[in-house]
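K.L.:
Sharing a structure with you now.
The values are calculated or read from the model by the stated rules, or taken from the named source; none is laboratory data. As the structure is a computational prediction, the values presented were derived from the model and not from experiment. Here the Cβ is made from the backbone with ideal geometry for all residues, glycine too, and neighbour counts use every protein chain on show. What goes into the accessible areas is simple: the full protein's heavy atoms, side chains included, and nothing from ligands, DNA or RNA. Shrake-Rupley method; radii C 1.70, N 1.55, O 1.52, S 1.80 Å.
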Amino acid sequence: MTIPNLVKGQIALDPTNDLLYYVNEFNAVVATSLSWVKNNSNISTTQNVVIDGDLTVSGSTVTVNVETLLIEDNIIVLNTGTTGVPSLNAGIEIERGTSTNVQLRWNETTDKWQYTNDGITFYNIVGEGTNITANVTGNVTGNVTGNVTGNVTGNAGTATKLATARTIQLTGPVTGSVSFDGSSNVSMSTSLTAESTTINNLSDVTISSAANGDFLRYNGSAWINDAVDLGTDTTGNFVSNVTSGNGITVTHTPGEGSSAAVAVNTSVVATLNDTQTLTNKTLATPSFTGVSPKITLGGNIYGNVTLTNLQSGILNAYLVPASVTLGVHTTGDFVSRLYAGPGVEVQFDNNSAAGASATLSVGQSVSTYATPNFVSVTAQNFYGNVTGNLTGNVSGNVSNATNVNTTNLSVNNFAIDPTGAADGKVLKYSSSLGKFVPADDNVATAGSLSVNDLNDVDTTGKVNGQYLRWNQSLSNWVPDNADAPSNIALGTNTIGNYVKSVQAGNGIILSNNSGGAGATPSFSVNTSVVATLNDAQTLTQKTLTSPTITGISPVITLAGDLTGSATLTNLGNTTLTATIAANSVALGTDTTGDYVSSLVAGTGITLANNSGETSTPTISIGQAVNTNSNVTFGTVTTTGSITVAGNINVTGSLVTTNQTSLSIEDPIIYLNNGATPSDPDLGFAGNYNDGTYRHAGLFSDASDSHKFKFFKGLTVEPTHPIDTSHASYAHGDVVANTFESKIATGSAPLVIASTTLVSNLNAQYLNGQAGTYYAPTASPTFTGTVTLPANTVTNSMIASNTIDYSKLASGPATSNFNIIFNDQVAAYTLLAGDLAKMVTINSSSNTIVTVPNILSTGDQITVLSKGTGIVELRGDTGVTVNATPGRYLRTQWSSATLVKLGSNSWLAIGDLKA
């Protein structure tokens, strides 16, 4: 991997090259071998860890102390690596603190998903095809296949059969019984007893003087013989009488089989062509012909329009010339004259005539960004740049069903509802409810027998819709057409009036009047004779008296010099508001009175909205300049003095004082007052030009414990923070008589960071020693712990036997004393990180170690053969490995040292062979 971009406190791992990157005390990113991490240490950081490759954990536990764990993988695999027949359960356990942990697991013994709520007892998770051994509380939705052992409380949608079959038994005149278990439909064989079975002997039938053609009718408590009464004993529509309503005349005598004639009343109903007067009528969207009123304008406007057939029209209206007087016939502001106030000059090109032009000026521009020039300025407050002298203050801030407790039970699609069951009740099928329900045991009465089982009833040949009628000659009740081809004959077999036929009169259309049984005559008006409300018709020779007309609303629209429109809503009254059309009144031609046609901006004057008709010119000089005004200028130039009695508030980012002498009464200059950021560099700077534009100054460095620093040579503009990394930045020289340290005893009063010799130290004594005492020592002797700057000591400076190797700190400094191993088991290409390391090859196969063009001249890498395979030292493309007698490590445990001779050239020294 490439060298990562890290900040202090961060690390990066390169497992491919066995390197760990970190930031050293000089803020440089350096690499070290991971061997010491593998063997001895933990890796700990308070920052981020970046791993470009895979993370392999060889330990037995991974602990993730995070509140939120995000995993991109959509499948979490447990027991990975398991081969052969599985034996270990797998699942998820939830830590519950002081409460017992719970689990969701796969049981490899039972091959079932299970869960536990107490950490001890596990329950199978029920699925399709799974037996349930448990109490079930709640609703069960779906089919249940199998036996149910235990009590069932609640409603079952359907069931196969009853656990115990029930016997349905009939007693009385009709007897019989059948066993019913709900698994299928049942049939019951019945028989009649020897009791008399004539219809008159039935308990709910009363026959009184039966006549030929009588019918049985139920009167609420018994069946009686009677004739059919229309409307009482029949269903279906029939007409008993026809009467006239508003606008209709009827000729009709009520009676059985009567006829009625219906016509419109022309004294009430409007016809199309008769001469009639319509009173208080509302006409919705009528069409008029022959009505075309004309509207003519007069007075100060003229024009006319004709509303042809009461349609909308456009009325072109024009102003009479010179009929509009400004201020009398007009509204809105206009300027008739202009007068000059203090500081303003007004000049007219024609002050006495209409349409004069005026020029206004104030001598010079005084807008916000203007640069006016005054002899002197006196103000309470002042904002902006000032050129000249200032006087004043300056401030600024979710199997045994023996007990079936159910409201509704359906067995094999037979619904049984036990609601209302009591002693003596029997189950009867209710066709209206569609189920068996408890009912009184009335089988003992004749009312439950079939009519055809009776001795005086013969239903032979019955068809749907027939009645039983008493036949005197047969002394039997028979279907109504057993001895006659007709059904009930109106007027013969019925009582009550009815209309047999209806005839259409004037203005009436009659349909569906066949005169047959069940006819439903339909009446409608003849729209070719009668005027209807909504049809499109033409009314001829009609007089409308005070009509209300809707849908006719002609619009009168003005045109010409006037605009406006009015709608005669439903031909009602309206008001037409006229507006003078744009550009229709010519000032000076159609108007009288003085006016100003245009304004011209003079010096210091700004005009806005000063073009076109209806303009409202705004005359401004940028800001108020009254004696008590607060003025704002871009740049103020004055040849005199500016006296400020109040404060000067500068809200800009720069104050420039172009003067040779600046006198400030305040003994303390306060910087960064209320500004952001709260911890900036503090100081001052100036520019100079020594052939190059540069800056010098003094500042407190916020990034370096606010140490005060002099600087010079900076070619960029000084900003916060001061760019000390810029190539042109240099520390400034300081010349002073005395430097006095206030640091307590025991601390260094003077710290010199330079690695060069301190020259011209003009002090007679330092710490009681003469200046020569601090001259460089050729062969100094050190005791205790010595800290040296990086790269300041070379091998030639260290005498033999002068370094105690055991005192050297761990890390790269031990490279010549403690060997760092890079263990490999296959072919390997050397890396720059292998500098001063021993690369071991532990392989039983022949292995190639590739030597690339890396590192610098004189750098060394050692290669050791730990395995039984032959190790070859082979140069990479363009790289030569010089060795004798050959480039192969001779045998197991042979080693060789590779020394970099130069670019693309290495030397191998050690236990080698050809």
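K.L.:
Cβ-Cβ distance below 8 Å, separation of 6 or more or different chains: which pairs start in the range 575-588 with a residue that is under 17 Å from Ile314 (Cα atoms) and end on one that is assigned to a loop (DSSP other than H, G, I, E, B) and not basic (Lys, Arg)?
P.N.:
Partner pairs satisfying both residue conditions: Ile580/Asp561; Ala581/Asp561.
K.L.:
To continue, here is another question. Please go through the range 629-656 and give me each residue that is of a type in the set (Val, Ile, Thr) and surrounded by 11 or more Cβ atoms within 10 Å (Cβ to Cβ), ordered by number.
P.N.:
Filtering the range 629-656 down to residues of a type in the set (Val, Ile, Thr) leaves 631-632, 635-639, 642-644, 648, 650-651, 655-656.
Val631, Thr632, Thr635, Val636, Thr637, Thr638, Ile642, Thr643, Val644, Ile648, Val650, Val655 - these are the residues of the range 629-656 that are of a type in the set (Val, Ile, Thr) and surrounded by 11 or more Cβ atoms within 10 Å (Cβ to Cβ).
K.L.:
Kindly indicate which of Ala358, Ala353 is modelled with pLDDT under 70 and surrounded by 12 or more Cβ atoms within 10 Å (Cβ to Cβ).
P.N.:
It is Ala353.
K.L.:
Continuing with the same structure: Take the residues in the range 836-883 that are charged (D, E, K, R) and not in a loop (DSSP other than H, G, I, E, B); name whichever of them is most open to solvent (accessible area, probe 1.4 Å).
P.N.:
Across the range 836-883, the extreme among qualifying residues is Arg874.
K.L.:
Could you grab me the full set of residues in the range 288-316 that are of a type outside the set (Phe, Trp, Tyr) and touching a helix residue (DSSP H, G or I) at 6+ places or on another chain (Cβ under 8 Å)?
P.N.:
Thr289, Gly290, Val291, Ser292, Pro293, Leu310
K.L.:
In addition: If Lys712 meets every condition in (1) charged (D, E, K, R); (2) in a loop (DSSP other than H, G, I, E, B); (3) over 54 Å from the mean Cα position of the chain (by Cα) apart from one, which number is that one?
P.N.:
(2)
K.L.:
Search the range 884-897 for residues being assigned to a strand (DSSP E or B) and of a type in the set (Gly, Ala, Ser), and hand back the single one that is least open to solvent (accessible area, probe 1.4 Å). Lay out the reasoning, then the answer.
P.N.:
Let us first name the residues in the range 884-897 that are assigned to a strand (DSSP E or B), namely 888-889, 895-897.
In the following step, the residues that additionally are of a type in the set (Gly, Ala, Ser) were identified as 895-896.
Working: Ser895: 44, Ala896: 2 Å².
Per the stated criteria, the residue is Ala896.
K.L.:
Please return the ranges of strands (runs of 3 or more DSSP E) entirely within the range 1-96 where 1 or more residues are open to solvent by 40 Å² or more (accessible area, probe 1.4 Å), closer than 30 Å to Asp118 by Cβ and at pLDDT 80 or above.
P.N.:
90-94
K.L.:
Moving on. Residues of the range 658-687 being open to solvent by 60 Å² or more (accessible area, probe 1.4 Å) and touching a His at 6+ places or on another chain (Cβ under 7 Å), which ones?
P.N.:
Matches in the range 658-687: Asn687 only.
K.L.:
Note down all Cβ pairs under 8 Å where the first residue falls in the range 273-285 and is on the phi > 0 side of the Ramachandran plot and open to solvent by 90 Å² or more (accessible area, probe 1.4 Å), the second is of a type in the set (A, V, I, L, M) and at pLDDT 75 or above, and they're at least six residues apart or on different chains.
P.N.:
These pairs meet every condition: Thr285/Ile552.
K.L.:
Here's a follow-up. Can you tell me which residue in the range 518-574 is surrounded by the most Cβ atoms within 10 Å (Cβ to Cβ), limited to those that are farther than 24 Å from Thr279 by Cβ and aliphatic (A, V, I, L, M)?
P.N.:
Applying the filter and picking the extreme gives Leu558.
K.L.:
In addition: Just one of the numbered conditions (1) surrounded by fewer than 16 Cβ atoms within 10 Å (Cβ to Cβ); (2) at pLDDT 75 or above; (3) within 30 Å of Leu319 (Cα to Cα) is not true of Val600; which one?
P.N.:
(3)
K.L.:
Next up: Would you be able to tell me the number of residues in the range 254-272 that are open to solvent by less than 70 Å² (accessible area, probe 1.4 Å), within 19 Å of Val525 (Cα to Cα) and of a type in the set (S, T, N, Q)?
P.N.:
Counting residues in the range 254-272 that are open to solvent by less than 70 Å² (accessible area, probe 1.4 Å), within 19 Å of Val525 (Cα to Cα) and of a type in the set (S, T, N, Q) gives 3.
K.L.:
Working only within the range 688-745, note down all residues that are aliphatic (A, V, I, L, M) and open to solvent by less than 80 Å² (accessible area, probe 1.4 Å).
P.N.:
Taking the range 688-745 and keeping what is aliphatic (A, V, I, L, M), we get 696, 698, 702, 714, 716, 722, 727, 730, 734-736, 743-744.
Correct list: Ala696, Leu698, Ala702, Leu714, Val716, Ile722, Ala730, Val734, Ala736, Ala744.
K.L.:
What residue, among those in the range 807-835 that are modelled with pLDDT of 90 or more, open to solvent by less than 60 Å² (accessible area, probe 1.4 Å) and assigned to a loop (DSSP other than H, G, I, E, B), is nearest to Trp906 (Cα to Cα)?
P.N.:
This residue is Leu830.
K.L.:
So, one more: Please find, within the range 417-429, the residue that is surrounded by the most Cβ atoms within 10 Å (Cβ to Cβ) out of those that are of a type outside the set (A, V, I, L, M, F, W, C) and in a loop (DSSP other than H, G, I, E, B). Outline the logic, then answer.
P.N.:
Applying the first criterion (of a type outside the set (A, V, I, L, M, F, W, C)) to the range 417-429 yields 417-420, 423-425, 428-429.
Within this subset, residues satisfying the condition of being in a loop (DSSP other than H, G, I, E, B) are 417-420, 423-425.
On the way: Asp417: 19, Pro418: 16, Thr419: 8, Gly420: 9, Asp423: 4, Gly424: 7, Lys425: 14.
So, considering only residues that are of a type outside the set (A, V, I, L, M, F, W, C) and in a loop (DSSP other than H, G, I, E, B), the one surrounded by the most Cβ atoms within 10 Å (Cβ to Cβ) is Asp417.
K.L.:
Looking only at the range 532-545, which residues are at pLDDT 75 or above, closer than 13 Å to Lys281 by Cβ and out of contact with any Lys or Arg (no Cβ under 7 Å at 6 or more places or on another chain)?
P.N.:
Thr532, Leu539, Lys542, Thr543, Thr545
K.L.:
When the range 898-914 is examined, which residues are found to be under 20 Å from Asn853 (Cα atoms), assigned to a strand (DSSP E or B) and open to solvent by 40 Å² or more (accessible area, probe 1.4 Å)?
P.N.:
Leu901, Leu907, Ile909
K.L.:
Specify which of the listed residues (Ser365, Ser432) is of a type outside the set (A, V, I, L, M, F, W, C), within 55 Å of the chain's Cα centre (by Cα), modelled with pLDDT of 70 or more and open to solvent by 60 Å² or more (accessible area, probe 1.4 Å).
P.N.:
Ser432
K.L.:
Against the condition assigned to a helix (DSSP H, G or I), of a type in the set (S, T, N, Q) and at pLDDT below 75, how does Asn487 come out, does it pass?
P.N.:
no
K.L.:
Can I ask one more? Kindly provide the set of residues from the range 323-336 that are surrounded by 10 or more Cβ atoms within 10 Å (Cβ to Cβ) and farther than 25 Å from Val366 by Cβ, ordered by number.
P.N.:
Ser323, Val324, Thr325, Leu326, Gly327, His329, Thr330, Phe334, Ser336
K.L.:
Could you list all residues from the range 124-154 that are out of contact with any strand residue (DSSP E or B) (no Cβ under 8 Å at 6 or more places or on another chain), of a type in the set (A, V, I, L, M) and either over 29 Å from Glu108 (Cα atoms) or modelled with pLDDT of 70 or more (or both)?
P.N.:
Val126, Val140, Val144, Val148
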